[in-house]
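So the structure is just underneath, and the comments pick up after that.
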Amino acid sequence: MSCEEDIFCGINKSKAPVGEMSDLEKKHTPVIEAPSRVKKGEAFEVSVEVGRHMAHPNENAHFIEWIELYSGETFLARVNLEPKLTSPKVKFNVALEHEHPLVARERCNLHGVWESLPLNVKIEG
């Protein structure tokens, strides 16, 4: 089996637009929401949701372990989640100094690490 065929090898990314994603991709691809423009250095809210396009299980045997947020390759924040007691929808407050796309990653205990589509946020000032 090649790395491309192994969901635990590297970071999984959807190769299709939302309407053409497989059920596995719909359940695991994080979705980011943030303002399209922000002021340099001022805090703003970013929400990340896993399972927006199709609900992801949230039980002891199958759940989202964590969600991380990046600005380009720069790590911004991480939230650890527990099965049944938490939901894979989180909000981060961040302040950016440099303009890089926001990217979210999550880890499913059964299906590995998944990455969102990048979200561009324009920094003004």
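When Val79 is tested against (1) β-branched (Val, Ile, Thr); (2) touching a Pro at 6+ places or on another chain (Cβ under 8 Å); (3) surrounded by fewer than 19 Cβ atoms within 10 Å (Cβ to Cβ), only condition (2) is not met. Residues of the stretch 41-55 that are assigned to a loop (DSSP other than H, G, I, E, B), of a type outside the set (D, E, K, R) and touching a Pro at 6+ places or on another chain (Cβ under 9 Å): Val50, Gly51. Can you go through Val113, Val90, Val38, Val103 and tell me which one is outside any loop (DSSP other than H, G, I, E, B), more than 23 Å from Ile7 (Cβ to Cβ) and β-branched (Val, Ile, Thr)? Result of the check over Val113, Val90, Val38, Val103: Val38. Selection over the stretch 72-87 of residues that are assigned to a strand (DSSP E or B) and free of Cβ contacts under 8 Å to residues at least 12 places away in the same chain gives a count of 1. If you scan the stretch 1-32, which residues turn out to be surrounded by 12 or more Cβ atoms within 10 Å (Cβ to Cβ) and part of a loop (DSSP other than H, G, I, E, B)? Selection gives Ile7, Cys9, Gly10, Ser14, Met21, Ser22, Thr29, Pro30. The listed residues are Glu68, Glu20, and the only one of them that is of a type in the set (D, E, K, R) and modelled with pLDDT under 95 turns out to be Glu20. Considering only residues of the stretch 35-65 that are exposed (fewer than 13 other Cβ atoms within 10 Å of the Cβ) and either hydrophobic (A, V, I, L, M, F, W, C) or at pLDDT below 95 (or both), which is nearest to the chain's Cα centre (by Cα)? Applying the filter and picking the extreme gives Ala55.
The values are calculated or read from the model by the stated rules, or taken from the named source; none is laboratory data. No experiment lies behind these values; they were computed from the predicted model shown. All Cβ positions, glycine included, derive from the backbone under ideal geometry; neighbour counts span all protein chains shown.
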